[in-house]
1. Work out the mean other chain Cβ neighbour count within 10 Å for the residues of B:43-55 and drop it here as an integer.
2. Picking from A:Ser84, A:Ser57, A:Tyr101, whose Cα lies most toward the positive end of the charge dipole for chain A (charges on Cβ: Lys, Arg +1; Asp, Glu -1)?
3. Using the crude model of +1 on Lys and Arg Cβ and -1 on Asp and Glu Cβ, and no other charge, please compute the dipole size for the protein assembly as shown relative to its Cα centre, in debye to 20.
4. Take A:Ile53, project a point 7 Å from its Cα along the Cβ direction, then tell me which residues of the stretch A:69-111 have their backbone nitrogen under 14 Å from it.
5. Can you work out the Karplus-derived ³J(HN,Hα) for every residue in the stretch A:11-20? Use 6.51 cos²θ - 1.76 cosθ + 1.60 with θ = phi - 60°, whole Hz, and x for glycine or proline.
6. Per residue of the stretch B:2-15, what does 6.51 cos²θ - 1.76 cosθ + 1.60 with θ = phi - 60° give for ³J(HN,Hα)? Whole Hz please, x for Gly and Pro, Karplus curve as stated.
7. Only Lys, Arg, Asp and Glu count, each charged at its Cβ (+1, +1, -1, -1), so figure out the dipole size of the stretch B:3-101 about its Cα centre, rounded to 20 debye.
8. Report ³J(HN,Hα) in whole Hz for each residue of the stretch B:39-48, in order, from the Karplus equation J = 6.51 cos²θ - 1.76 cosθ + 1.60 where θ = phi - 60°; Gly and Pro get x.
Amino acid sequence: SQTIHQWPATLVQPVGSPLSLECTVEGTSNPNLYWYRQAAGRGLQLLFYSVGIGQISSEVPQNLSASRPQDRQFILSSKKLLLSDSGFYLCAWGRQGMPQYFGPGTRLLVL
Amino acid sequence: EDQVTQSPEALRLQEGESSSLNCSYTVSGLRGLFWYRQDPGKGPEFLFTLYSAGEEKEKERLKATLTKKESFLHITAPKPEDSATYLCAVQGWPDGGGGADGLTFGKGTHLIIQP
């Protein structure tokens, strides 16, 4: 069966500091990978998706970036965090036309 | 642009009191409609996929239905453990917006079942 991991589970960072969140998937190959953000009172917002190694598409302009160095690894980064980057970050995997399966999430608080 | 609106925002029921959650959507071409359950502080858990109007799916006390404009999640004789936020999402075809594969989510319905 497939498993998706995210870490860290919780992160508190000062404004202007860098960020690196990691997501890995087990039990499947060549998955589509996604980063979503869930802010209080808002629905899940798609940030990035990837259909393969090194292939990243951005949905929302922001100071975040994503990379996919390996088939089942997806990384979300920032050089300088903003207060507005606080939220619940969710990684998901899926295939075209099929459900997406989510990881446990990372709670980020920027102070 | 794909849009999803869920109602009500919050719903409080007594144990055993059946009800329905609504998901209204607009999408240029529906590839799939998805229901998820999310517990506090956790990632969404997949429940159902519906692909075409008239389709129905059931799982324990939950039943999802789909029309051309909306979907309903019916909950029959709920128990306290059914308390959660229920999310609806749509996936359109690439030229309908929302990214080649991304899901467009509603804000969810926060369901509380009181014993």
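1. Working: counts 15, 10, 2, 7, 1, 1, 3, 0, 1, 0, 0, 0, 0.
Counting other chains' Cβ atoms within 10 Å and averaging over B:43-55 gives 3.
2. Going by the Cα projections, it comes out as A:Ser84.
3. That gives the protein assembly as shown a dipole magnitude of about 320 debye.
4. What the label zone holds, given the 14 Å backbone N cut-off, is A:69-74.
5. My calculation for the stretch A:11-20 gives 8, 10, 10, x, 4, x, 7, x, 9, 8 Hz in order.
6. Karplus-based 3J(HN,Hα) across the stretch B:2-15 equals 5, 9, 9, 10, 10, 8, x, 5, 9, 8, 10, 10, 7, 3 Hz.
7. 120
8. So the Karplus estimates, Gly and Pro as x, are 8, x, x, 10, x, x, 10, 5, 10, 9 Hz.
Read-outs throughout are calculated quantities, based only on the coordinates presented, and are distinct from any laboratory measurement. This is a predicted model, so every value here is computed, not measured. With ideal geometry, Cβ positions are generated from the backbone for all residues, glycine too; neighbour counts draw on all protein chains shown.
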